[in-house]
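What follows is a single structure, written as structure tokens, with notes after it.
The values are calculated or read from the model by the stated rules, or taken from the named source; none is laboratory data. Everything numeric here is computed off the predicted structure, so don't read it as measured data. With ideal geometry, Cβ positions are generated from the backbone for all residues, glycine too; neighbour counts draw on all protein chains shown.
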Amino acid sequence: MTTLDTAPAPSGRRAASTRPPTHVVADAVTMLHRNLLHMVRYPGLSVFTIVVPVVFLLMLVFVFGGTLGAGLPGAVAPGVEATGGRAAYLAYVMPGILLVTIAGTAGGTATTVSMDMTEGITARFRTMAISRAAVLAGHVLGNTIQALIAVALVLVVGIAIGFRPTASPVEWLAVAGLLAAIAFTVTWLGVGMGMQAKSVETASNLPLILSLLPLLGSGFVPTASMPDALQGFADYQPFTPFIETVRGLLLGTPFGSNPALAIGWCVLLTVVGFAWSIALYERKSVR
């Protein structure tokens, strides 16, 4: 397995580009281990990605939930329509909060990538016989795991305050798979944003766009309640099918074409994030 303290070699860049697939996987595992250790040693970003959605959830449900829940059109889940108010809004908003949690991890990803780029560790990796894709994959896999842990903890809080999903075991597996795919997609975008940033201080600015998208979708209110121009954007942006698919799996609401759209958006945005990140890494490697 490639180690991070291997002595730099003049042919390191050339060797990295021709490493066999088994070595690329080993490199990725090494980089994943490095990023998991980084997460443990510097827990501030991890705690922030959990605390903010939890505070947001508690505020929405206990401060605004009674009014917003009463305004929801019809049932939001089987058995919820009879209770209305706060319980109805908790059922409606929980999928949106889970997506806000995932979107929020992009800021941490961008920050850690930018730190590596500016502090010289990435420059050292470029001189070593380490696959360039593996360096980025370590960030992606590590932050995807972090995002799923954050989602699980936020979901536990939701259940503790009264969220009652109706999903079957198969539907829970589908939810886990979809959330993992979305986290993987968002993390690749976060890597590209971090490499694009000019400094660590500004690295978390661009990912704020991803955090706003659940708010401008169906996460907190139905899109039908929005002005026409905003509704058009909300219906077709990626996070609305993400949210509606998670909502349908957890609560049994109608799916429509949202699962296909969610998978399509995941594939498209992952390809974009991967190509963008690799292009930036290659461009900065020749400087």
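Suppose the filter is assigned to a loop (DSSP other than H, G, I, E, B) and hydrophobic (A, V, I, L, M, F, W, C); does residue 269 pass it?
no
So, in region 70-90, exactly how many residues are over 25 Å from the mean Cα position of the chain (by Cα), within 16 Å of residue 218 (Cβ to Cβ) and at pLDDT 80 or above?
Final tally of qualifying residues: 1.
Could you identify the single residue in 186, 200 that is within 23 Å of residue 134 (Cα to Cα) and touching a Leu at 6+ places or on another chain (Cβ under 7 Å)?
That would be 186, the only listed residue that is within 23 Å of residue 134 (Cα to Cα) and touching a Leu at 6+ places or on another chain (Cβ under 7 Å).
Tell me yes or no: at least one residue of region 175-193 is surrounded by 16 or more Cβ atoms within 10 Å (Cβ to Cβ), on the phi < 0 side of the Ramachandran plot and over 16 Å from the mean Cα position of the chain (by Cα).
Among the residues of region 175-193, not one is surrounded by 16 or more Cβ atoms within 10 Å (Cβ to Cβ), on the phi < 0 side of the Ramachandran plot and over 16 Å from the mean Cα position of the chain (by Cα), which makes the answer no.
Name the residues in region 225-236 that are in contact with a helix residue (DSSP H, G or I) (Cβ under 7 Å, 6 or more places away or on another chain) and assigned to a helix (DSSP H, G or I), would you?
Selection gives 231, 234, 235.
Of the residues in region 237-262, how many are assigned to a helix (DSSP H, G or I) and under 22 Å from residue 97 (Cβ atoms)?
Residues in region 237-262 being assigned to a helix (DSSP H, G or I) and under 22 Å from residue 97 (Cβ atoms): 17 in total.
Out of 237, 196, 231, which single residue is more than 23 Å from residue 58 (Cα to Cα), touching a residue at least 60 places away in the same chain (Cβ under 8 Å) and not charged (D, E, K, R)?
196
Of these, 118, 105, 144, which one is at pLDDT below 85, assigned to a helix (DSSP H, G or I) and among the polar types (S, T, N, Q)?
After ruling out the rest, the residue left standing is 118.
Quickly run through region 232-282 and pick out the residues that are hydrophobic (A, V, I, L, M, F, W, C), over 17 Å from residue 214 (Cα atoms), crowded, with 17+ Cβ neighbours inside 10 Å and within 15 Å of the chain's Cα centre (by Cα).
274
Could you check how many residues of region 175-223 are in a loop (DSSP other than H, G, I, E, B), of a type in the set (S, T, N, Q) and more than 30 Å from residue 165 (Cα to Cα)?
Within region 175-223, residues that are in a loop (DSSP other than H, G, I, E, B), of a type in the set (S, T, N, Q) and more than 30 Å from residue 165 (Cα to Cα) number 4.
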